[in-house]
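Taking it in order: structure first as structure tokens, then the write-up.
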Amino acid sequence: MPIQQIEYKGLNLMDVVSTVEIAIDAAHHTVHVLDTQQIVEPEYDFMTKGYRLSEGFYKMAAVLQAKPLFSNYKECELYHWIETYRWVFYSSKQTIKEYVHGQFHIFHREQFPVIEQSATFHQKYYSIYINRLK
């Protein structure tokens, strides 16, 4: 199944409507999110010294879950539906934040060449979004 692309509009930190690009790779249970305007980007939690999913993300996830593409998961609670997918955020500050099973893995721009050379690169990452961050 080819990657499906959609757009989501939401408010950024400055209360300005902006667009998030989403590429859904159903075959690999991965959702790629290009968000350079901080609409759904994970937030840094100073208490736990780690990242967490943002309120904007949960709003977007609820909209996505209602799409026909995810009709098999309509009865599933939002949290459980989110956990069935791998979420890759191509974010501001030229970082990739990968969310899998409740854990974040952060990759900075300097690490992109290493990621691009990995054997599983095309299964795990969306090269179009990586190139847009460079």
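Just give me the residues in region 67-78 being modelled with pLDDT of 90 or more and either open to solvent by less than 40 Å² (accessible area, probe 1.4 Å) or within 24 Å of Gln37 (Cβ to Cβ) (or both), in sequence order. Hit for region 67-78 is Leu78, nothing else.
Does Tyr90 satisfy being touching a Leu at 6+ places or on another chain (Cβ under 8 Å), open to solvent by 20 Å² or more (accessible area, probe 1.4 Å) and among the aromatic types (Phe, Trp, Tyr)?
Details: touching a Leu at 6+ places or on another chain (Cβ under 8 Å): yes; open to solvent by 20 Å² or more (accessible area, probe 1.4 Å): no; among the aromatic types (Phe, Trp, Tyr): yes.
No; evaluated as a whole, the condition is false for this residue.
Look at region 56-84: where a residue is touching a residue at least 40 places away in the same chain (Cβ under 8 Å) and a partner is of a type in the set (S, T, N, Q), sitting 6+ places away or on another chain with Cβ atoms under 8 Å, you get Leu69/Gln4.
Here is a yes/no grid of residues against (1) surrounded by 15 or more Cβ atoms within 10 Å (Cβ to Cβ); (2) modelled with pLDDT of 90 or more; (3) hydrophobic (A, V, I, L, M, F, W, C); (4) farther than 14 Å from Val31 by Cβ:
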position	(1), (2), (3), (4)
Phe107	yes, no, yes, yes
Val114	no, no, yes, yes
Ser118	no, no, no, yes
Tyr126	yes, no, no, no
Ile130	yes, no, yes, yes
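Trp81 meets all of the listed conditions (1) closer than 17 Å to Leu133 by Cβ; (2) over 12 Å from the mean Cα position of the chain (by Cα); (3) of a type outside the set (D, E, K, R); (4) open to solvent by less than 10 Å² (accessible area, probe 1.4 Å) but one, namely (1). Taking the criterion of being of a type in the set (Gly, Ala, Ser) and loosely packed, with under 14 Cβ neighbours inside 10 Å, the only residue of region 2-39 that qualifies is Ala27.
The values are calculated or read from the model by the stated rules, or taken from the named source; none is laboratory data. Quantities reported herein were computed from a predicted structural model and do not represent experimental measurements. For neighbour counting, all protein chains shown are included, and Cβ atoms are generated from backbone atoms with ideal geometry for every residue, glycine included. Only protein heavy atoms, including side chains, enter the accessible area calculation; ligands, DNA and RNA are left aside. Shrake-Rupley method; radii C 1.70, N 1.55, O 1.52, S 1.80 Å.
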